[in-house]
């Protein structure tokens, strides 16, 4: 089916049962474009699926199988998908791995993906650390394959952090106070890990949203001082002016040349900005950014589907909070 200018843009959003996907859906609803939202998730439980125009449940098959790839191809054809916005890291990685297949067989469907090289680099925090060091960028002191004494000799006195090399947010990060902590957690943590000095404080932690144009240019970023929830997602965000972070993000965009939604996370200490991680995709704070006027989902529609540069957003200053509310579905109507 050929989409006319009057027909809605068919947008597939993955992970609508989780906070990032739900934020993308809300941002699409707040955009100025006519969209039909097709939601995808393992679970059909509301509220996420209820907010979409169409909901598709993922199959139970192995996501590395041909069956799963066939499911995706049939879904794109059946729903005439124009744009795919991954809301889960696992979906981003799958789409990146199958990028050539989708580009060959579904040329009318655009995957909102960053560069494969950037996805690979940022997927391993140790590789990202080495990248920063190689380019002369101030990096948080970090070691791997070091015992407790060796770590303290390089990183300084405890406490220090044990971090999984893969993953995002605060998941799996443990504060080590002594050798006993180190022995316990280094044995308990199955995935590759690294040890890192603690820099700055929770009061000086920032999340920065940037929409890259693929050539080093980007839409002006939105900088927010944040406080985290217990799950490692942004719980409170305050829009701030921060010339140092503005400068750092501009430099990173020039160096990394991201394309589409890209999230930088920093801590600031002694007038230096230390990069915590880069998420080359939508982040959990995307709906908060939309509330302040920085709608990355709308930018993605304009850039990837309409083939035009997103307009510079009019960001409003303020503070935003996340809170829980009840969503109730009754089994039957009242008598």
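The values are calculated or read from the model by the stated rules, or taken from the named source; none is laboratory data. In this text the structure is predicted, and so the values were computed from the model without any measurement. Ideal geometry is used to build each Cβ from the backbone, glycine not excepted, and the neighbour counts take in all protein chains shown.
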Go through segment 270-287 residue by residue and tally those that are more than 22 Å from residue 322 (Cβ to Cβ) and either in contact with a strand residue (DSSP E or B) (Cβ under 9 Å, 6 or more places away or on another chain) or not assigned by TED's automatic domain parsing to the domain that holds residue 237 (or both). 5
Single condition residue 12 does not satisfy, out of (1) at pLDDT 95 or above; (2) over 19 Å from the mean Cα position of the chain (by Cα); (3) closer than 30 Å to residue 229 by Cβ: (2)
Determine whether segment 47-56 contains at least one residue that is part of a loop (DSSP other than H, G, I, E, B) and touching a strand residue (DSSP E or B) at 6+ places or on another chain (Cβ under 6 Å). yes
Every pair of residues 6+ apart whose Cβ atoms lie under 8 Å, when the first sits in segment 309-334 and is over 23 Å from residue 297 (Cα atoms) and not assigned by TED's automatic domain parsing to the domain that holds residue 295 while the second is part of a loop (DSSP other than H, G, I, E, B) and at pLDDT 90 or above: 327/47
Any residue at all in segment 178-198 that is modelled with pLDDT of 95 or more, under 26 Å from residue 253 (Cα atoms) and surrounded by fewer than 18 Cβ atoms within 10 Å (Cβ to Cβ)? yes
Given the conditions (1) loosely packed, with under 15 Cβ neighbours inside 10 Å; (2) over 24 Å from residue 138 (Cβ atoms); (3) touching a strand residue (DSSP E or B) at 6+ places or on another chain (Cβ under 8 Å), which single one is not true for residue 211? (1)
Within segment 69-97, residues in a helix (DSSP H, G or I) and touching a residue at least 24 places away in the same chain (Cβ under 8 Å) come out as 69, 72, 73, 75, 76, 77, 89, 90, 91, 92, 93, 94
Which residue out of 221, 159 is touching a strand residue (DSSP E or B) at 6+ places or on another chain (Cβ under 8 Å) and under 16 Å from residue 262 (Cα atoms)? 221
Condition check for residue 303: farther than 23 Å from residue 36 by Cβ and either within 20 Å of the chain's Cα centre (by Cα) or in the same structural domain as residue 31 (by TED's automatic domain parsing) (or both): no
